[in-house]
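Asks: Mind looking over this structure? Questions follow.
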Amino acid sequence: MKKVLLINDDGPDSPGLRALIEPLSCLGELLVVVPEEAVGGRGKSITLLKPVEVRELALERPVNARFYVSTGTPADCFLIGLELLGGKPDLLVSGINMGPNLGIEDLLHSGTLGAAIQASLHGVPAIAASYGIGTGLPKPTPEQLKRDLALAADLVAKLASLVLEEGMPEGVDIISVNVPVGADRAKVMITELMREAFWSAVGEREGRFFMRPWAKRAWDGPAGTDAKALKEGYISITPVRLEVRCEKEAVEAFLARSRVIVA
């Protein structure tokens with residue numbers, strides 16, 4: 001039986017998380033490990049200098065799943081999941097985040113994507129899913145919210161089933177999905193991460209700032225990017241490969257020219 005680990009950064013009561021539990025539980029053994037409260041913006045940070053406490057919660061509906069909350073971060077939750085499972089899961093699913101995760105900026109600070117990065121570092125394929133509500137985006141009605149999350153959960157479950165059956169596409173570590181308000185199954189775009197920064201520090205009063213997206217630039221992005229797709233009402237599917245290039249030869253030549261290092 002396949003093993004699926006489900007994590008989020010919005011906490012155990014998030015409607016995005018709850019939308020995923022039942023469809024993912026149909027794919028195999030499901031383990032849910034999430035922070036006990038919303039901890040967005042933590043990226044791949046892990047808890048140091050103090051223990052992370054974990055407790056099991058009962059699920060309201062009988063499904064093939066175990067549900068735990070922790071005092072840690074999403075990345076902590078992945079590491080804890082390895083211990084609770086007694087090994088690696090076949091797939092990590094993170095989300096559905098209640099807010100979009102776009103571009104390289106969100107890749108590096110999102111807790112939703114932080115869990116996916118942690119999984120990828122352990123050789124576990126990962127899907128991260130996010131719902132496009134928040135600053136500069138349409139506000140759904142309660143009925144639309146329920147419909148959109150159901151659509152997103154169905155899409156994620158189908159992607160998860162495909163990955164469990166065939167593995168990840170070659171060269172892809174993480175599949176990041178962003179679903180807009182009023183999502184249409186016929187409007188799907190394969191995208192790349194936007195490179196431009198869009199977060200700013202916004203002063204509320206002297207000595208006090210809030211970090212806000214899209215506060216000092218128009219809500220948009222270059223053609224072909226996840227931000228542009230979401231702005232135009234498309235479901236964005238972004239393949240991500242974790243690769244940090246080390247240009248040793250270029251640095252060696254640079255240091256030789258500047259005589260920083262003398263052989």
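Asks: Mind telling me which of the residues Asn64, Asn97, Asn8 ends up being under 18 Å from Asp154 (Cα atoms) and free of Cβ contacts under 8 Å to residues at least 40 places away in the same chain?
Replies: Every option except Asn64 fails the conditions.
Asks: Answer yes or no as to whether Ala116 is touching a Phe, Trp or Tyr at 6+ places or on another chain (Cβ under 9 Å) and under 19 Å from Ala229 (Cα atoms).
Replies: When the stated conditions are applied, Ala116 does not pass them.
Asks: Filter the range 57-71 for residues that are within 15 Å of Leu5 (Cα to Cα) and in a strand (DSSP E or B) and give the result.
Replies: Those that are within 15 Å of Leu5 (Cα to Cα) and in a strand (DSSP E or B): Ala65, Arg66, Phe67, Tyr68, Val69, Ser70.
Asks: Is it true that Ser45 is surrounded by 15 or more Cβ atoms within 10 Å (Cβ to Cβ) and more than 23 Å from Ala157 (Cβ to Cβ)?
Replies: Here the answer is yes, as Ser45 does meet what is asked.
Asks: I've got another one for you. Hey, does the range 203-222 have a residue that's in a strand (DSSP E or B) and modelled with pLDDT of 95 or more?
Replies: The answer is no; no qualifying residue exists.
Asks: Applying the selection to the range 125-170, what residues are part of a loop (DSSP other than H, G, I, E, B) and in contact (Cβ under 8 Å) with a residue 60 or more places away in the chain?
Replies: Scanning the range 125-170 gives Gly134, Thr135, Gly136, Leu137, Pro169.
Asks: A further question follows. Can you name every residue in the range 164-179 that is more than 17 Å from Leu121 (Cα to Cα) and either of a type in the set (Ser, Thr, Tyr) or under 18 Å from the mean Cα position of the chain (by Cα) (or both)?
Replies: Scanning the range 164-179 gives Val177, Asn178, Val179.
Asks: Could you count how many residues in the range 69-93 are out of contact with any Leu (no Cβ under 7 Å at 6 or more places or on another chain) and at negative phi?
Replies: 12
Asks: Farther than 28 Å from Glu192 by Cβ, at pLDDT 95 or above and surrounded by fewer than 20 Cβ atoms within 10 Å (Cβ to Cβ): does that describe Gly123?
Replies: No: the conditions fail for Gly123.
Asks: Which ones in the range 21-74 are within 17 Å of the chain's Cα centre (by Cα) and of a type in the set (Ser, Thr, Tyr)?
Replies: Result: Ser45, Thr73.
Asks: Scan the range 210-225 and give yes if some residue there is surrounded by 15 or more Cβ atoms within 10 Å (Cβ to Cβ) and in contact with a Phe, Trp or Tyr (Cβ under 6 Å, 6 or more places away or on another chain), otherwise no.
Replies: Yes, the range 210-225 has at least one match.
Asks: Please verify whether Leu59 is within 19 Å of Glu22 (Cβ to Cβ) and in contact with a Pro (Cβ under 8 Å, 6 or more places away or on another chain), treating the condition exactly as stated.
Replies: no
Asks: For the range 74-93, give me the residue count where each residue is touching a residue at least 60 places away in the same chain (Cβ under 8 Å) and either closer than 18 Å to Glu36 by Cβ or part of a helix (DSSP H, G or I) (or both).
Replies: Within the range 74-93, residues that are touching a residue at least 60 places away in the same chain (Cβ under 8 Å) and either closer than 18 Å to Glu36 by Cβ or part of a helix (DSSP H, G or I) (or both) number 5.
Asks: Which is surrounded by 24 or more Cβ atoms within 10 Å (Cβ to Cβ) and over 14 Å from Arg42 (Cα atoms), of Leu92, Leu84, Leu79?
Replies: Of the residues listed, the single one that is surrounded by 24 or more Cβ atoms within 10 Å (Cβ to Cβ) and over 14 Å from Arg42 (Cα atoms) is Leu92.
Asks: Which residue pairs have Cβ atoms under 7 Å apart, sit 6 or more places apart or on different chains, and have a first residue in the range 244-262 that is over 30 Å from Ser120 (Cβ atoms) and a second that is in a helix (DSSP H, G or I)?
Replies: From the range 244-262, the pairs are Ile261/Leu255.
The values are calculated or read from the model by the stated rules, or taken from the named source; none is laboratory data. These numbers come from a predicted model, not from an experiment. Cβ: placed from backbone, ideal geometry, glycine included. Neighbour counts: every protein chain shown.
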